[in-house]
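Working notes for the structure below.
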Number of protein chains: 2
Amino acid sequence: MSAEEVVNGMESLGVQEKQEEDDDHVDPWSVTSKNDAGIDYDKLIKRFGSSKLDDEILARFEKVTGKPCHRFLRRGIFFSHRDLHTILTLREQGKPFFLYTGRGPSSGSMHLGHLVPFIITKWIQETFDVPLVIQLTDDEKSLWKDLKVEETMKLARENAKDIIALGFDVRKTFVFSNLDFMGRCPEMYQNIIRIQRCVTFNQVKGIFGFGDSDVIGKIGFPAAQAVPCMSSTFPFIFGKKNIHCLIPCAIDQDPYFRMTRDVAPRVGFPKPALLHSTFFPALQGAKSKMSASDPNSAIFLTDTPKQIKTKINKHAFSGGRDTVEEHRTLGGDTNVDVPYQLLKFFLDDDEELERVRVAYSTGQMLSGEIKKKAVETLQPIVEEHQKQRKLVTDEVLNEFMSLRKLEFS
Amino acid sequence: MSAEEVVNGMESLGVQEKQEEDDDHVDPWSVTSKNDAGIDYDKLIKRFGSSKLDDEILARFEKVTGKPCHRFLRRGIFFSHRDLHTILTLREQGKPFFLYTGRGPSSGSMHLGHLVPFIITKWIQETFDVPLVIQLTDDEKSLWKDLKVEETMKLARENAKDIIALGFDVRKTFVFSNLDFMGRCPEMYQNIIRIQRCVTFNQVKGIFGFGDSDVIGKIGFPAAQAVPCMSSTFPFIFGKKNIHCLIPCAIDQDPYFRMTRDVAPRVGFPKPALLHSTFFPALQGAKSKMSASDPNSAIFLTDTPKQIKTKINKHAFSGGRDTVEEHRTLGGDTNVDVPYQLLKFFLDDDEELERVRVAYSTGQMLSGEIKKKAVETLQPIVEEHQKQRKLVTDEVLNEFMSLRKLEFS
């Protein structure tokens, strides 16, 4: 079978083309929608060929884990998956799997939206008691942004500290940056070559929209994001075991894993399973996602309580009405209201969230009041994060990044 | 400056296009000529934009080194260069440089032609007393040939033993394979990204003739052959020194180093200097080069004295005439006679070679006799090689491949 032929009938085929006719644009480098309510996620599931995270699979999830689902799952913030049933079956059979997620360190300060995949990953890790590998793609950021290798490596370490501050267990979690890890574990590059010899330029053109004037580093990079799906990339953790991988990530990362799933059978590892999240909205509204490169669009993990208050009051797109009278009569629109969306992501208490939703959409609660609620919900979260972040010293980070066995059954 | 603009006025520009109109085809993966006497090397110098290794620079070479040039230089076997004057000037000024050469390990048994760059490299190393790095591109062979990663890594070690058997000094020589070294030295991948972010697909298309159906590993690979030109790839040898590099290689490897020289100023390292050799002819004649994939075209380093004799007698293309009478009158043609070419590469004694040349080209010496001379010259060389090869144990190889300081002034 030639490398060209492998494309036929594969998940990655034709997805890029379909995108161009759509109101929504979703790829690993940009996410935009022409609609106020943001991306049409049901349409995205169809276009990407993934499966809806529906009530049935959530019920099975709760049955297998014996505990209620995380709010991100309950509230549709994670909304799509690939092969999650396989992972649940593995657990039922007492067979192992591992978790993989990551981050592209393009700026030193992370924002709230960056935490979403890590929050769910931590919860899944605790729920299933499984090992986790976290990749920082400093190589990617050096290729895509105008950032020097030394700069992105520094950003990777800074970002890793923010991630670790969420409370990951060092006995079960391995954190690595590509530009560092590549030079400490030969299996990483060997697996990259195993992937790169199976994927043509035509294929990455179709999957990622690369063109002839793209630098060759970009063209080869998708393999670097693919290889952590192979347990053989981490022999110090998994020995010679060839085990399944589950990746929680925002859905814009799906193209990498469509490609990975396409080559998996040829290279000889199980197709990774995926859990896809929606995007964390920009303060300006769901037409774009929160972005570190626009400071007014984002609540950073380094923001002071005052900055959080000012940003939400000043910049958070409101679903409220033009006048108090109108608002009292018609109610606010929670679908586009950013303070409400922030609460949906970060207010853990379902009953309280429902009270807010009813009050706001019936007009009892005003714009200023829901903003205040969002501010009061986020301030202590960010404050606590900053407290934890201070405890993540270079020594702690080095421990997470050291090559070692992890605990898993 | 964009990555596209960098191409303007660069050495690599337009060389590939010019090739297509020519009788000679020379790229890193195939070398063929339509002419019996083989490649027109003067034309190649013009096309590649390199400089002729003329009497003037050879005289300077002898003056700077204080010793006569190696037979490969005296006899035009190395015939072209880039910036050799810079290297000689560095030596005159007492400034350091290092040597870099390599091999693509596509088969376990190397042939005589494979030794050519290593023989001159060893001589230059001894003459200048400089450190040497030898790269085995097992990653390349896994991408181009249908060879698994594990297989090419094994071939790399076997080939390295043959190279070391030439008598390299372990105190001054570092041998590495990409698939192994990449995982032991973070600077290797970091430098690859530094190169890959400066070179577009358009550029490698122009330089190497890559196309859309090539696998992405091929497209990114040229950076892996470029980075050993940067002394910063080997911090354990060179520390933080940013020193010049001289590469002895067959001229088919020049495209890699044209690209490297083009990006060097942007990445911040000196352009590597080059010494280019002609091709070692196939036994069937100079229209193609000796190739390990056609056993009858090559004299292998594992051949017995009897095999060498049989191969030369049976397969070596003769420049002799059809009948003895004709030969006695007209003489043999040393330009196309393979036994004579073999002597030109491997018979060290200039006077004896000249005697053979005169005798053969005047008809005194017959085809069978010059073949006998070639057999008798090569048999002891190959036999001695096999004796030395046995002494290169895995332990010896591991020493050459271990990351350590080298001796140099």
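Here are a few things to note about the model shown:
- Amide H contacts under 5 Å for A:A282: A:S288, A:K289, A:M290, restricted to partners 5 or more places along the chain or on a different chain, H placed in the peptide plane at 1.01 Å from N.
- Most to least packed among B:220-226, B:54-60 [average Cβ atoms within 10 Å]: B:220-226, B:54-60
- For B:A250, distant residues with modelled amide H under 5 Å away: B:S277
- When the other protein chains are added to the chain by itself, burial of at least 30 square angstrom of heavy-atom accessible area (probe 1.4 Å, ligands and nucleic acids ignored) affects these residues of the range B:218-245: B:I219.
- Cα gyration tensor shape for the range A:183-237, rounded if a/c is under 1.5, else prolate or oblate: prolate
- Dipole axis of the range B:263-397 (+1 Lys, Arg; -1 Asp, Glu on Cβ), positive-most option in B:G319, B:A374, B:T278: B:T278
- Local electrostatic count, B:M182, Cβ distance below 12 Å [Lys/Arg +1, Asp/Glu -1]: -3
- From the alpha carbon centroid of the range B:20-85 to that of the range A:314-376 is 77 Å.
- Counting, for every residue in A:356-365, the Cβ atoms of other protein chains within 10 Å of its Cβ and taking the mean gives 0.
- Label-point spacing for A:P68 across the identical copies (point 7 Å from Cα in the Cβ direction), in nm and ascending order: 9.3.
- Nearest-first distances (nm) between copies at A:G211, label 7 Å from Cα via Cβ: 2.3
- Summed over both chains, the area buried between A and B is near 3200 Å², taken from the accessible surface of protein heavy atoms with a 1.4 Å probe.
- The label-point distance for A:H85 and A:L166, in a model that sets each label 7 Å from Cα toward Cβ, rounds to 2.8 nm.
- Inter-chain Cβ neighbour count for B:168-179, averaged per residue, equals 1 (cutoff 10 Å, partner chain atoms only).
- Dipole magnitude of the protein assembly as shown about its Cα centre (Cβ charges: Lys, Arg +1; Asp, Glu -1), debye to nearest 20: 1740
- Size of charge dipole - the range A:210-269 - debye, nearest 20, with Cβ of Lys, Arg +1 and Asp, Glu -1, no other charges: 380
- Measuring between alpha carbons in the structure, the pairs from B:K63/B:K405; B:K311/B:K387; B:K240/B:K390; B:K271/B:K390; A:K218/B:K52 lying more than 32 angstrom apart are B:K240/B:K390; B:K271/B:K390; A:K218/B:K52.
- Using the Cβ of B:R171 as centre and a radius below 12 Å, the other residues enclosed give a net charge of -1, where K and R count +1 and D and E count -1.
- Karplus (6.51, -1.76, 1.60) ³J(HN,Hα), θ = phi - 60°, over the range B:262-277, in Hz, Gly and Pro reported as x: 5, 8, 3, x, 6, 8, x, 9, x, 4, x, 8, 9, 10, 9, 9
- Taken about its Cα centre, chain B carries a charge dipole of about 960 debye when Lys and Arg each add +1 at the Cβ and Asp and Glu each add -1 at the Cβ.
- Ignoring aspartates and glutamates fewer than eight residues from A:K172 along the same chain, the ones with Cα atoms less than 16 angstrom from its Cα are A:E126, A:D129, A:E399, A:E407.
- Bridge type composition, chain B - antiparallel percent by DSSP, nearest 5: 45
- Shortest-first nm distances, A:K314 label point to equivalent points in other copies (7 Å, Cα→Cβ): 8.7
- Tilt relative to chain B, helix B:149-164 - C-alpha long axis, 0 to 90 degrees, to 10: 60
- By accessible area, using a 1.4 Å probe on protein heavy atoms only, the protein assembly as shown has 49% of its surface on carbon and sulfur.
- Working note: 222 nm ellipticity from helices only, DSSP H runs with n ≥ 4, each -39,500 (n - 2.57), summed and divided by the residues of the protein assembly as shown, gives -14000 deg cm²/dmol to the nearest 500.
- Coupling constants for the range A:36-48 follow from the phi torsions by the Karplus curve (6.51 cos²θ - 1.76 cosθ + 1.60, θ = phi - 60°), and in residue order they are 4, 7, x, 4, 7, 6, 5, 5, 5, 4, 5, 5, 7 Hz; glycine and proline get x.
- Once the mean of 1/r is taken over each pair of separate Cα atoms and inverted, chain B shows a Kirkwood hydrodynamic radius of 22.1 Å.
- Gap separating the Cα centres of the range B:196-265 and the range B:108-141, nearest whole Å: 18
- Peptide A:197-207, shielding by other chains (average Cβ, 10 Å cutoff): 5
- Scalar couplings 3J(HN,Hα) for the range B:347-353, obtained by applying the Karplus form with A = 6.51, B = -1.76, C = 1.60 to θ = phi - 60°, are 8, 6, 6, 4, 5, 5, 4 Hz; x denotes Gly and Pro.
- Antiparallel bridges, percent of DSSP beta bridges restricted to the protein assembly as shown (to nearest 5): 45
- Förster radius 45 Å - calculated FRET efficiency between B:F236 and B:E354, Cβ distance, rounded to 0.05: 0.45
- Bridgeable lysines around A:K314 (alpha carbons under 25 Å apart, same-chain partners fewer than 8 residues away excluded): A:K34, A:K287, A:K289, A:K306, A:K344, A:K371, A:K372, A:K373.
- The spread of Cα positions in the range B:235-303, taken along each principal axis and listed from longest to shortest, comes to 47, 26, 17 Å.
- D (Stokes-Einstein, µm²/s), Kirkwood Cα radius, the protein assembly as shown, 1.002 mPa s at 20 °C: 72
- Overall, the anisotropy analysis places the range B:147-288 in the rounded class: the square-rooted eigenvalues a ≥ b ≥ c of its C-alpha gyration tensor yield a/c less than 1.5.
- Taking A:M182, A:M259, A:M153 as the candidate residues, the one with maximal mean-square fluctuation in a Gaussian network model of chain A, Cα springs under 10 Å, is A:M182.
The values are calculated or read from the model by the stated rules, or taken from the named source; none is laboratory data. Small disclaimer: the values here were computed from a predicted structure and weren't measured. Heads up, the Cβs are rebuilt from the backbone with ideal geometry, glycines too, and the neighbour counts pull from every protein chain shown. Areas reflect the complete protein model, heavy atoms only, side chains present, ligands, DNA and RNA absent. Shrake-Rupley method; radii C 1.70, N 1.55, O 1.52, S 1.80 Å.
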